[in-house]
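The values are calculated or read from the model by the stated rules, or taken from the named source; none is laboratory data. Model, not experiment: these values are computed from the prediction. Cβ atoms come from the backbone with ideal geometry, glycine included; neighbour counts cover every protein chain shown.
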Amino acid sequence: MDFEPYEAAYPPRQLPPGALVTRIGPSPTGKAHVGTALQAVINRALADGSGGAFLLRIEDTDRERFVEGAVEDLLAALDWLGIRPDESVACGGKYGPYVQSERLPIYQAAARRLVESGHAYYCFCTPERLESVRLAQQAAGKPTMYDRHCRNLGSEQVEARLASGEKAVVRLKVPDDTEIAFDDLVRGRIAFESQTIDDGVLLKSDGFPTYHLAVVVDDHLMRVSQIIRGEEWIPSTPKHVLLYQYFGWAMPRIAHTPILRDMSRRKLSKRSGDTSITGYRVQGYLPEGLRNFLTRIVWPHPEGKDVYDHAEFVRLFKPEDLPNTGPIVDPQLLDFINGQYLRRLSPEPLYTATVDYLQFLLDLDQDITFESYHPAAPIKHTLTRSELEAFYGAFSADPAYSERVLMLEPERYKRLSDIVLNTGFFFGALFRPVDPKLLAKPLGSAEQVEALLDEYLKLYQPDVPQAEWEQSVRDLAHQAGVKDGKLFMTLRIAITGREQTPPLFEVLTILGGDEVQRRLELAAAMPVSS
Ligand code: GLU
Ligand code: ZN
């Protein structure tokens with residue numbers, strides 16, 4: 001089939017003047033990366049800010065790199081982030097299909113059109129021949145490029161070889177000695193000498209297009225008017241420029257975002273930890289927090305704010321604002337921003353967010369390692385699946401109680417995982433006898449701890465005012481000749497199992513007299529050892 005009917009089937013969109021049609025075209029080669037989240041946030045915002053449309057296209061033409069489940073992961077991750085495309089494989093749209101592997105006839109027709117107009121040609125070279133050319137070029141210290149062996153074959157010979165079933169690819173005819181340039185909204189004019197550009201493959205012998213052909217044909221047919229993508233695609237862009245020229249199509253406006261970097265200023269990669277969007281969800285970030293963080297590192301707020309309404313970004317962001325050096329994915333800034341969003345939640349939504357988060361973790365059906373940033377090495381805490389399950393059971397048993405726990409010191413939490421890691425001691429069902437060594441730490445002598453706890457149990461009274469309670473502890477310390485700070489710490493450890501907790505009196509108030517009594521008795525009955 002010819003290409004023209006496709007062109008006619010996808011007429012330009014009816015949109016208000018200035019409306020931008022944007023897209024992302026992720027390849028399903030693994031779990032969706034946080035860099036894809038950045039592209040999605042930016043492109044969604046540009047479409048929203050201009051009254052346009054944002055579409056999601058799956059670029060799955062590289063079958064060798066295809067990973068089962070990657071599309072599902074991407075859709076779930078974007079959904080969690082609150083980024084809903086106007087058109088996609090999930091929601092459909094008038095310019096579909098939105099999966100490249102379902103569009104093969106379109107690319108094949110486009111490739112034929114280029115061959116017919118003399119802008120592309122069939123190449124019959126075998127992989128063995130290409131390999132020996134490459135090795136010879138390498139040995140001579142030259143750049144490895146296709147040697148244009150098939151560029152000038154006669155058309156009769158080509159027809160005959162194709163008719164006989166010989167395998168062929170279609171290659172782009174790159175002109176000699178010209179400059180190929182485009183205007184990047186962030187970096188300005190970028191020019192390439194045509195000699196440095198390969199006569200790259202457009203259509204493979206199995207009928208699948210390469211990225212270059214597919215992306216240009218799709219951006220055109222889907223009427224994309226603004227491309228924002230990662231800078232790793234800059235070297236590909238001259239090929240796209242040529243294709244737009246050869247097809248006679250207007251090129252969309254284009255901008256490249258710098259690659260995200262980690263704290264050691266290297267490209268954010270597997271080495272930097274789990275950089276998948278789902279990985280951030282596992283660590284306990286809120287979608288609003290991650291989204292604010294991603295916009296923050298590529299866009300200076302006019303008043304220098306770190307935390308702002310997403311609507312402000314949508315209203316004010318322009319592609320020209322993008323930086324041209326790689327933004328740092330700084331976990332401390334991310335924690336700070338996320339903490340601000342957590343703090344804004346009132347008890348009920350915070351409780352619900354925590355329960356939803358726990359359900360999400362449990363659905364993963366595995367042990368979870370929580371990581372926080374430290375310049376030397378990340379600090380890690382692992383909770384097993386059954387520990388998570390126990391926490392979930394305790395936490396969800398009495399929502400009103402859990403909400404009181406959450407409101408005790410909401411500013412302590414940077415992520416939902418902080419709640420999971422730090423509030424377990426509030427739940428009787430999770431409380432385990434305290435480590436005797438830890439219990440003996442403040443006073444040094446296990447016998448003294450035992451004696452003091454016995455004494456304290458005799459005088460312990462629930463529901464007394466704070467000042468009275470504090471005085472009773474001080475009096476006891478005085479009588480026994482120990483520093484009162486050490487006795488407070490011993491009680492803290494006996495009752496919570498921890499050296500760090502919110503103010504002890506408030507903890508006692510939430511736990512209630514019976515539970516405090518029970519824990520003190522457990523500690524007092526502990527075998528003496530120091
Ligand atoms: N398929 C490319 C990717 O995986 C998309 C590049 C583009 O946006 O043009 O990122
Ligand atoms: Zn060839």
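Quick notes on this one:
- Checking each residue in region 187-211 for being more than 18 Å from Thr126 (Cα to Cα), surrounded by 19 or more Cβ atoms within 10 Å (Cβ to Cβ) and under 28 Å from the mean Cα position of the chain (by Cα) picks out only Tyr211.
- Gln479 being polar (S, T, N, Q), farther than 25 Å from Glu411 by Cα and surrounded by 13 or more Cβ atoms within 10 Å (Cβ to Cβ): no
- Considering only residues in region 35-59 that are under 20 Å from the mean Cα position of the chain (by Cα) and part of a loop (DSSP other than H, G, I, E, B), the one that is farthest from Glu312 (Cα to Cα) turns out to be Glu59.
- Boolean, Pro399 is at pLDDT below 95, under 23 Å from Glu348 (Cβ atoms) and either buried (at least 18 other Cβ atoms within 10 Å of the Cβ) or in contact with a helix residue (DSSP H, G or I) (Cβ under 8 Å, 6 or more places away or on another chain) (or both): no
- Test for Gly207: is it within 30 Å of Thr36 (Cβ to Cβ) and in a loop (DSSP other than H, G, I, E, B): yes
- Candidate set: region 141-177, residues that are of a type in the set (Val, Ile, Thr) and not in a strand (DSSP E or B); chosen: the one nearest to ligand 2 (Cβ to nearest atom): Val158
- Of all residues in region 170-184, one or more are within 16 Å of ligand 1 (Cβ to nearest atom) and either at positive phi or out of contact with any Gly (no Cβ under 6 Å at 6 or more places or on another chain) (or both).
- Test: residue in region 146-159 that is within 13 Å of ligand 1 (Cβ to nearest atom) and of a type in the set (Phe, Trp, Tyr): no
- Residue within region 70-78 that is assigned to a helix (DSSP H, G or I), within 17 Å of Val215 (Cβ to Cβ) and not hydrophobic (A, V, I, L, M, F, W, C) present: no
- Among the residues of region 265-314, those that are over 21 Å from Gln359 (Cβ atoms) and among the β-branched types (Val, Ile, Thr) comprise Thr275, Thr295, Ile297, Val298, Val307, Val314.
- Pairing each residue of region 374-395 that is within 23 Å of Ile510 (Cα to Cα) with any residue that is of a type in the set (S, T, N, Q), provided the two are 6+ apart or on different chains, yields C-beta distances under 7 Å for Phe395/Thr354; Phe395/Ser402.
- Only a single item in (1) in a loop (DSSP other than H, G, I, E, B); (2) at pLDDT 95 or above is not met by Val67, and it is number (2).
- Long-range neighbours under 8 Å by Cβ, at least six apart or interchain, first residue without any contact (Cβ under 8 Å) to a residue 60 or more places away in the chain within region 140-160, second within 16 Å of ligand 1 (Cβ to nearest atom): Tyr146/Gly200
- Residues that are out of contact with any Pro (no Cβ under 9 Å at 6 or more places or on another chain), of a type outside the set (Gly, Ala, Ser) and assigned to a loop (DSSP other than H, G, I, E, B), drawn from region 284-299: Tyr285, Leu286
- Candidates in region 92-116 are the residues that are loosely packed, with under 14 Cβ neighbours inside 10 Å and within 30 Å of Ile24 (Cα to Cα); of these, the one that is nearest to ligand 2 (Cβ to nearest atom) is Pro105.
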